[in-house]
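Enquirer: Let me give you the structure first, and then I'll get to my questions.
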Amino acid sequence: MSINANAATTAAATSTRIALITGANRGIGRATAMRLARDGFDVIVTYRSHREEAEEVVREIGQLGRRAVALPLDVSRVAGFGAFVDGVHDVLRETWHREAFDVLINNGGVQVAQPTLQATPEAFDQLVDVHFKGVFFLTQQLVPLIANPGAIVNISSGTARFYVPERAIYSAVKGAVEVLSRYLATELGPRGITVNVIAPGAVATDFSGGMLRSSEQLQKHIASLTPLGRFGVADDVAGAIAALVSEGNRFVTGQRIEVSGGVHL
Ligand SMILES: NC(=O)c1ccc[n+]([C@@H]2O[C@H](COP(=O)([O-])OP(=O)(O)OC[C@H]3O[C@@H](n4cnc5c(N)ncnc54)[C@H](OP(=O)(O)O)[C@@H]3O)[C@@H](O)[C@H]2O)c1
């Protein structure tokens, strides 16, 4: 069942752009949902397990005078994507009287840190399912619902470019998403759909058990390696995504943009 803000509003302005963000109940996804709402977007917020957080995001977006709907989604469960896509179709019709949304942001995910030589097949499968197989097949199934022109933003990681211990599987699947993004950019270009990658550096969220947020030592270490002299916060990434999908930015596709303060240049 979906959670709906301002559902009573029936006059759907066809010019309002709609973004669908996976894992938007907290962290980078939440910050992006709020930022895009402030920029005039309506938002489909997905959450895996924290429905109450998603409800709060929907409420706050409603307070900004924008519309939002929350839908549950586990991106590692490809078998559930058909029902999810049907749900997106339903909320587009019910809430916006539309058949398509404008921007897909593949963001939701988890970290599993293991030393490469001791990594388990279970961790491998989990990371592939969430960060690559899920992104691949969810995008495949949602593309028919993306407007022309539209945009897809896939969230990778700085670690697909530079080394961090115990991140081999995670970083390799993020690298796979970067390659996929260039293929999608080529195939969807004729429809006017851009496909780009945002690769965050270390961002203080709940990710990796909130490790960065809780360790002053790690914060100082990352700041010392970073030209801009600090670690990242979710709003840094949200601002970059907002710039990438802004109305005037229609000729950038197939690109990877790192949002890391220039760490390890
Ligand atoms: N934070 C960093 O340092 C950093 C750096 C580089 C890249 N990234 C990437 O940025 C993205 C967001 O990370 P974050 O820092 O915002 O993490 P976060 O604060 O831990 O939030 C993760 C979000 O993803 C959702 N999620 C987790 N597993 C999911 C699944 N199987 N299906 C659907 N949604 C799922 C969570 O939903 P629930 O709360 O409902 O479970 C939550 O909304 C991830 O792709 C991550 O790899 C993060």
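Taken together, the values in this text are just the output of simple stated rules run on the coordinates, not laboratory data. Worth saying up front: this structure is predicted, and the values here are computed from it rather than measured. Reconstructed Cβ throughout: ideal geometry from the backbone, glycine too, with neighbour counts over all protein chains shown.
Enquirer: What are the residues in region 174-193 that are over 15 Å from the mean Cα position of the chain (by Cα) and of a type in the set (Val, Ile, Thr), if any?
Expert: Residues satisfying the conditions are Val179, Thr186, Ile193.
Enquirer: Right, another one. Filter region 19-43 down to the residues that are surrounded by 24 or more Cβ atoms within 10 Å (Cβ to Cβ) and in a loop (DSSP other than H, G, I, E, B) and list them by number.
Expert: The answer is Thr22, Gly23, Ala24, Asn25, Phe41.
Enquirer: Where residues in region 170-211 are β-branched (Val, Ile, Thr) and within 12 Å of the ligand (Cβ to nearest atom), which of them is nearest to Ala240 (Cα to Cα)?
Expert: Applying the filter and picking the extreme gives Ile198.
Enquirer: OK, next. Which condition breaks for Thr120 when tested against (1) farther than 22 Å from Asn154 by Cα; (2) within 11 Å of the ligand (Cβ to nearest atom)?
Expert: (2)
Enquirer: Could you list, in sequence order, all residues of region 213-250 that are charged (D, E, K, R) and either in a loop (DSSP other than H, G, I, E, B) or touching a residue at least 40 places away in the same chain (Cβ under 8 Å) (or both)?
Expert: Arg230, Asp235, Glu247, Arg250
Enquirer: Need pairs with beta-carbon distance below 8 Å; first residue without any contact (Cβ under 8 Å) to a residue 60 or more places away in the chain and within region 41-61, second aromatic (Phe, Trp, Tyr) and near the ligand (Cβ under 10 Å from one of its atoms); sequence gap 6+ or separate chains.
Expert: From residues that are without any contact (Cβ under 8 Å) to a residue 60 or more places away in the chain, the pairs are Glu53/Tyr47; Ala54/Tyr47.
Enquirer: Right, something else. If I filter region 208-265 down to residues being within 20 Å of the chain's Cα centre (by Cα) and on the phi > 0 side of the Ramachandran plot, which single residue comes out as surrounded by the fewest Cβ atoms within 10 Å (Cβ to Cβ)?
Expert: Gly209
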